[in-house]
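None of the figures in this text is laboratory data; all of them are computed from the coordinates on show. Since this is a predicted model, take the numbers as computed values, not measurements. With ideal geometry, Cβ positions are generated from the backbone for all residues, glycine too; neighbour counts draw on all protein chains shown.
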Amino acid sequence: MNPKIFLSSFLVLLSAIAACQSDDAFKGTELEGIPATDFTLTDQNGQPFTLSDQVGKVVVMFFGYTYCPDVCPATLSKWKQVQDALGDQTNEVKFVYITVHPERDTVEKLKAHLAVYSQDFVGLTGSKEDLLKVYNGYGVYREIDKISDSATGYLVSHTSRIFVFDRKGEWRLGIANDASVQDIVHDLKVLL
Amino acid sequence: MKTIQMSSQWTFAGVLLMATSLSSCQKAEQAAADIRITNAWSRPVQLPAGAGGQPSPMDSGTNGVVYLTIFNKGDLDDSLRGARSGACQKIEIHETVMSDDRMSMKRVDDEIPVPGHGKVEFKPMARHFMLLGMNRSLTIGDSVRVLLSFQKSGMVQVYSRVRLN
């Protein structure tokens, strides 16, 4: 092989490897050109919360319900670790938890539930109509599963992915629920 | 002398009998189930103000969870038949099922085999004990007393430590 061709191929390969390993590459799934659906819901203090008012901050969003004992609290617990790992930068990030079960998740329940993890987490509920617009806007699956042999009566199946918005208010990332704390921190730092 | 000889024979027979009995006992012990519980922990639960009145599994709206690992160090198979705790109205075994990015839960049979020299895990995002209708809040650092009922080993008590993760 011509040494020049060999050398250029080698350099191209090296660049490709370097690009793959770039620290700026997101661990989550990057989304481009998907406008964020704006909404106004009620937070755990009974105050209105509007997504577009958060421009300038990175927003991390999850859909869950307080009755869920496993995945939803696991997500909040992970957020708490992410918050701790971000240190001072956490002031630039808003963690938002939207209920998929407004029938049970009152403002009081959201407040008590989120306070266990962080006073800075925002818990949102609202009318079924307003919440439905948000679910539809982000393709959130939500379904009541009746469980006849359980004292719970029913549970709620729902989308478990974490949504991330950049400082410009654009919907930038989808992060799998089982992503590590380190990977989430990494992605948020890239956006910060 | 003869009496003494007879006595020695009886003593010898007695010792043999005792040795045989001891040996049988050891065999019986080896053949038993031997349940050990490790790494029991729960997530914190904060009941909203006013929910501590008369909660019921259907309306209290606040649940807890217990994760743990059951080891059976014995030879005999055993099986878990249920669990209860004074911290809640009822405990059911549930399993989290992830399909793509959809999370759902289903109740699984309360009777779970624990084979001899085997283990059964209850862990996040998988099979877990669901505490229904909490009677009290669970604060980080608390311990929750849980009684596990086994077919052969009977009731086994475990204290589940409350922590974030």
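Table for the structure above
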{"quantity": "All strands (runs of 3 or more DSSP E) inside the stretch A:127-192 with 1 or more residues being in contact with a strand residue (DSSP E or B) (Cβ under 8 Å, 6 or more places away or on another chain), more than 10 Å from chain B (Cβ to nearest Cβ) and not hydroxyl-bearing (Ser, Thr, Tyr)", "calculated": "A:142-146, A:162-165, A:171-175"}
{"quantity": "Complete set of residues in the stretch B:74-107 that are more than 10 Å from chain A (Cβ to nearest Cβ) and in a loop (DSSP other than H, G, I, E, B)", "calculated": "B:74, B:75, B:76, B:77, B:85, B:86, B:87"}
{"quantity": "Some residue of the stretch A:139-155 being under 13 Å from the mean Cα position of the chain (by Cα), surrounded by 20 or more Cβ atoms within 10 Å (Cβ to Cβ) and among the polar types (S, T, N, Q)", "calculated": "no"}
{"quantity": "Scan of the stretch A:31-88 for residues that are touching a residue at least 24 places away in the same chain (Cβ under 8 Å), in contact with a helix residue (DSSP H, G or I) (Cβ under 9 Å, 6 or more places away or on another chain) and among the charged types (D, E, K, R), ordered by number", "calculated": "A:43, A:57, A:78"}
{"quantity": "Hits in the stretch A:46-93 - residues which are in contact with a Leu (Cβ under 9 Å, 6 or more places away or on another chain) and part of a strand (DSSP E or B)", "calculated": "A:48, A:49, A:50, A:58, A:59, A:60, A:61, A:62, A:64, A:93"}
{"quantity": "Residue within the stretch A:94-108 that is closer than 22 Å to residue B:164 by Cα, within 12 Å of chain B (Cβ to nearest Cβ), in a helix (DSSP H, G or I) and touching a Pro at 6+ places or on another chain (Cβ under 7 Å) present", "calculated": "yes"}
{"quantity": "Test: residue B:112 is surrounded by 14 or more Cβ atoms within 10 Å (Cβ to Cβ), under 15 Å from the mean Cα position of the chain (by Cα), within 10 Å of chain A (Cβ to nearest Cβ) and without any contact (Cβ under 8 Å) to a residue 60 or more places away in the chain", "calculated": "no"}
